[in-house]
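For reference, the structure discussed in these notes is given below.
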Amino acid sequence: MPVYMTVQDRSYRILEANERFRQDFGDRVGEHCHRAYKGRENICPGCPVERTFVDGQVHSSEETVVTRDGRSASMIVHSVPVTDEKGYVTSVMVVSTNITEVKRMQRQLALMGLAVAGTAHRIKNLLMGLEGGIFVVNTGFETRDEATIAEGWEMVERNVGTVSRVVKDLLYCSKEREPRFAEDVNPGAVVREVHELFRARAQAEGIELRAETNTVSPGRFDREALQNLVTNLVANAIDACRFDPSPDKHEHCVTLRCFSTDAGEAVIEVEDNGVGIPDDAEHKVFENFFSTKGTEGTGLGLLVVQKVAEEHGGSVSYVSNPGRGTCFRVVLPGAGRSQ
Amino acid sequence: MAARILVIDDERDMQVYLRTLFCRAGYEVEVAGDGAEGLLRVDSFHPDLITLDILMPRGSGVAAYRALREAAATRAIPVVVLTGLSDQATLLRDLAGLPPPELIVEKPIDRPVFLRQIETLVGASR
């Protein structure tokens, strides 16, 4: 874990800094620490340095700071008094440990725990479908009714199909699958393929599936993973429309977009005008089986989306308006993953 | 005459499963794929019992339940609500203010127990 050390005087100006600090924050000696760490004009609320100057004791706090390349980082900050021979605090040494990675791993671990619980629930439902299918097949055999046998067999096949999708998603969420980046993958083409794949199914549910793709330069992406990412977002969007109880919406629509930003990033958006994410479910969106009863999604979908985005050095965000719809946005570095 | 059960469910698996299960137990069964279709079938089929999936697209399960409970002609037909465990909270919120269903069955279904419960409810309603 990176550790930063700086020494500040009573006016919060940085007098000294270690090499690691210079690497990640630049040469900020002479600047106010609140400016160097957070870009603030004023002293930070609850500043441990201030408290150490007041009482001469060691203080600590947890802070979110911004590094020179614009990334935010979580830090555990300790402020230690530096005294002269009379015990007067002349300056304060700040030792900050960057715990961003630890926090990410903690989150990941919590997510995995939830995914395991959710998967168990999902598998229970699938087993019920399989068991039901077997019951129907057996009934067909007993009554020598071929139509019933066929119906039961269809149930078995459908549920086995879903099992394989759940397993595929689980593999994506685990370490089992290493990303396979390839050159010249066009995210726009991936979006168009998924659009083609889902269009007829969506239409059968009375949902219009639109694709708006602008020219996006091909780059180094994991094609299969991107396909999985878009598929999961579209499956969720279709479910959000199917389970929309709103009687006043005349038509449901899911729009897939792929475009480049001015900064050259590749953006994939999936927007629906479905049920929206209820406020009480919002915190669970990336963490859980947020399919209340989704039949398209496997329930692990957003975990997959998040993992794929992170593997590409990108991010996922969403805006949702309960009752009005949701828009998920994935931002990927334009040229894809650097080597 | 065999007792009649109307299955209102949007999921194909449940439609096939419940129809097979009830037919095999000697009931006459009809299946409706959403709430609106279910209400039409109630008028023509005159079921002795209805199984209803409460969580169906466009809120049609809750709407059908409300309609069944509000109309004098259908109020007395026992309704069995089938639900996954995770739907309980939604279910109670959606049905607030209405008389509760005669039976709420959590999936997975325990077949022998379920059939006994159905038999009792049908017997009482006929």
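Based on the mean of other beta carbon atoms within 10 Å per residue, what is the order of B:94-103, B:59-68, most packed first?
In descending order of packing, they fall as B:59-68, B:94-103.
Once you place label points 7 Å from the Cα toward the Cβ at residue A:40 and residue A:203, how far apart are they in nm?
The modelled label-to-label distance comes out at 5.7 nm.
Can you give the angle from 0 to 90° between the axis of helix A:223-242 and the longest principal axis of chain A, with both taken from C-alpha atoms, to the nearest 10?
Roughly 70 degrees between the two axes.
Provide a whole-number value for the mean count of partner chain Cβ atoms within 10 Å of the Cβ atoms in peptide A:145-157.
For this peptide, the per-residue mean of nearby foreign Cβ atoms is 2.
For the pairs A:168/A:307; A:103/A:124; A:103/A:307; A:124/B:107, flag any whose C-alpha to C-alpha distance is greater than 21 Å.
With Cα atoms farther than 21 Å apart: A:103/A:124.
Taking neighbour counts of Cβ atoms within 10 Å as a proxy for exposure, in what order, fewest first, do A:195, B:46 appear?
B:46, A:195
For chain B, what class follows from the C-alpha gyration tensor (a ≥ b ≥ c being the square roots of its eigenvalues): rounded when a/c is under 1.5, otherwise prolate if a/b is larger than b/c, else oblate?
Rounded shape, in that the Cα axes give a/c under 1.5.
Testing the spin-label approximation: label points 7 Å from Cα along Cα→Cβ at residue A:68 and residue A:142. State their distance in nm.
For the pair residue A:68/residue A:142, the computed spacing is 7.7 nm.
Please work out whether the range A:126-259 counts as rounded, prolate or oblate from its C-alpha gyration tensor, where a ≥ b ≥ c are the square roots of the eigenvalues and a/c under 1.5 means rounded, while otherwise a/b larger than b/c means prolate and anything else oblate?
Oblate, because a/c is 1.5 or more while a/b does not exceed b/c.
Work out the mean other chain Cβ neighbour count within 10 Å for the residues of B:14-20 and drop it here as an integer.
Partner-chain Cβ atoms within 10 Å, mean over residues of B:14-20: 6.
Coordinate-derived values only; no laboratory data. In this text the structure is predicted, and so the values were computed from the model without any measurement. Note that we place each Cβ from the backbone using ideal geometry, even for glycine, and neighbour counts take in every protein chain shown.
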